[in-house]
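Here is the structure we will look at, set down as structure tokens.
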There are 2 protein chains.
Amino acid sequence: MINSTTSNSSTTETAVTCTNCNLDNLCIPKGLPRSEIGELALLVNRNNIRQKGEAIYHTGSPFRGIIALRSGSAKLLSFDQNGNELVVDFILPGELLGFDGLSSQTHNCTAIALETVNYCHLPAYKIEILAINTPGLSQVLLQRSCNQFDAQVQKMMLNRRSAEERVACFILHISDRLRIRGYSELEFRLSMSREEIGNYLGIAHETVSRIIHLLQARKLITVKSKQLKILNKKELFSFHTT
Amino acid sequence: MINSTTSNSSTTETAVTCTNCNLDNLCIPKGLPRSEIGELALLVNRNNIRQKGEAIYHTGSPFRGIIALRSGSAKLLSFDQNGNELVVDFILPGELLGFDGLSSQTHNCTAIALETVNYCHLPAYKIEILAINTPGLSQVLLQRSCNQFDAQVQKMMLNRRSAEERVACFILHISDRLRIRGYSELEFRLSMSREEIGNYLGIAHETVSRIIHLLQARKLITVKSKQLKILNKKELFSFHTT
DNA sequence: CGTTCACTTGACCCCACTCAATCCTAGTGG
DNA sequence: CCACTAGGATTGAGTGGGGTCAAGTGAACG
């Protein structure tokens, strides 16, 4: 129930469309008139699966379209000249990815599944078809793309803060995104490693460990390996204002 | 000549359009078919002026459209809870801004002129008109928006590097953007203060000073107040690979 | 049951921050 | 034309947050 992937991969393929998907008010269709969603639904490839560690797309591969995660989570990576990974973002269910390839028609990021993922795929050439038949869609995509810009600004803000504030904000940010998607906001699983969190936040993984330890000592959270529970959201949130 | 703002603010207003503007292959029209540029040209407000220090738009103000700088430069700011400035980006001639307001229809950044600027303005409601009549434009805007995403990834990379590398890369990045716009890539004016550079790069302004001093001592650049000359681009560039 | 990899914890050290003093430079007014 | 001023830029001294390195612990998996 908590997982949005429910059956339908068998006989009645056409039964699941954007119109009745439980992500319909989060995913691409959000903000589109009902009539246009129908048109969108016909163009989307559903039920694509990737196992943990597998790539959804690679840096350098041609842009093949926009992807919407239905379940599972992923990380978006970039690489520097020496081949060092940079974790650009984490993607949670109901969120979109693929924008990193739209401009140049070639992906400059790699998307890797952090656990088994099920995703829908809106092929690139169909975006152009939709742009003509369904003007609303271009607007929606443009909005989503700009949304990512807003998120980047928040990310830049974090880079001014201490390691402690970064980790606290990171936890709250994940919590918030899960809440919007209808999951528990106070208890969830961090599907990424300490290493990946540190990379994303721009701090060493040892520091992530130390700070998680610290937050536990202060009774703000409890952590058992990857399972996390927020005990005192209010005080955790105070890092925002500090 | 080096300045793209040339006369025409007087009688023959209609003489300057997107079709004959010297920025036409950099600005919004880039990538649009000739016919569609004509349509775009009719909808754009030209010759808007702001003096140094004046705002082009404010955080919280309603989104009024996409802006293309014709001459001068600007900084894009965001503010944290305590009202501290965060320099999100610098905008050079021929570059676009305003995407920070597209998603929510309200700007979450403030754009301030760093020197006298002249800009064109594509009003928001006309973007929707264009989306219907000129499907190519939506695509172009979407591409530009995603371009900014790519730039953000580069910015994140910089945050992993030492202060020295950040300053070196900053100089090269400005140089490169000016080159594309047809200005000298080896000698130019930094229109922003050390404080603003430091804020942008996530380092103290004293550190910016110290490193500029260092780069001069190594004969890689010379700096006289805001005037900068690159002496050894190759070695300066080696910071990229380090 | 052993191997491997993620995570934790400790010790040490360095880069860049902060604070503070001084030096420039552009702008202003006499 | 020069003196004065204010804000930017530079330079120095001292310090601490978080990085690195290294060792130890735990948990997952074949």
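Every number here is computed from the coordinates shown, using simple stated rules; none is lab data. No experiment lies behind these values; they were computed from the predicted model shown. Quick reminder, even Gly has a Cβ in these numbers, built from the backbone with ideal geometry, and neighbours come from all protein chains shown.
Expressed as an acute angle from 0 to 90° and rounded to the nearest 10, what is the orientation of the C-alpha long axis of helix A:135-158 relative to the principal long axis of chain A? Value to nearest ten degrees: 10. To the nearest 10 degrees, how steep is helix B:163-180 against the longest Cα principal axis of chain B, on a 0 to 90 scale? Here the helix axis deviates by roughly 40 degrees. Taking the Cα centre of the range B:159-241 as origin and assigning +1 to Lys and Arg Cβ atoms and -1 to Asp and Glu Cβ atoms, the resulting dipole is close to 200 debye. The relative contact order of the range B:186-239 comes to 37 percent, based on Cα pairs under 8 Å that sit 6 or more residues apart. Legend: calculated FRET efficiency, B:ILE132 to B:ILE180, from the Cβ-Cβ distance at R0 = 41 Å, rounded to 0.05, equals 0.80. Using 18 Å as the Cα-Cα cut-off, could you pick out the over-long pairs in A:LYS126/B:LYS30; B:LYS75/B:LYS226; B:LYS155/B:LYS233; B:LYS30/B:LYS52; A:LYS52/A:LYS229? Over 18 Å Cα-Cα: A:LYS126/B:LYS30; B:LYS155/B:LYS233; B:LYS30/B:LYS52; A:LYS52/A:LYS229.
The Cβ shell under 12 Å around A:ARG161 holds other residues with a net charge of 0, Lys and Arg each +1, Asp and Glu each -1.
Under a model in which nothing but the beta-carbon of Lys, Arg (+1) and Asp, Glu (-1) is charged, chain A shows a dipole of about 720 debye around its Cα centre. If you run the Gaussian network model on chain B, springs between alpha carbon atoms under 10 Å, then out of B:ILE112, B:ILE174, B:ILE132 the most flexible one is B:ILE132. Please state the shape class of the protein assembly as shown: rounded when a/c is under 1.5, otherwise prolate if a/b exceeds b/c and oblate if not, all from the C-alpha gyration tensor. Oblate shape, in that a/c is at least 1.5 and b/c is the bigger or equal ratio.
Converting phi to 3J(HN,Hα) with the Karplus coefficients 6.51, -1.76 and 1.60 and the offset θ = phi - 60°, the range A:64-75 yields 10, x, 9, 10, 10, 6, 9, 8, x, 9, 9, 10 Hz in sequence order, with x at every glycine or proline.
Computed over neighbours whose Cβ is under 12 Å from that of B:GLN148, the net charge equals -4, Lys and Arg +1, Asp and Glu -1. In this assembly of identical copies, the label point of A:ASN47 (Cα plus 7 Å along Cα-to-Cβ) is separated from its counterparts by 6.2 nm, sorted shortest first. Each helix, a run of at least 4 DSSP H residues, gives -39500 (n - 2.57); summed and divided by the residues of chain A, these come to -12000 deg cm²/dmol at 222 nm.
Label-to-label distances for A:HIS213 across copies, nearest first, come out at 3.8 nm, using points 7 Å from Cα in the beta-carbon direction.
Would you mind checking the tilt of helix A:205-217 against the longest principal axis of the Cα atoms of chain A, expressed as 0 to 90 degrees and rounded to 10? Taking Cα atoms only, the helix is inclined about 70 degrees.
Label point of A:GLU115 (7 Å along Cα→beta-carbon): distances to the other copies' equivalent points are 5.4 nm, sorted ascending. Note on chain A: dipole from Cβ charges, positive end direction compared against A:LEU201, A:SER175, A:SER78; the farthest Cα belongs to A:SER175.
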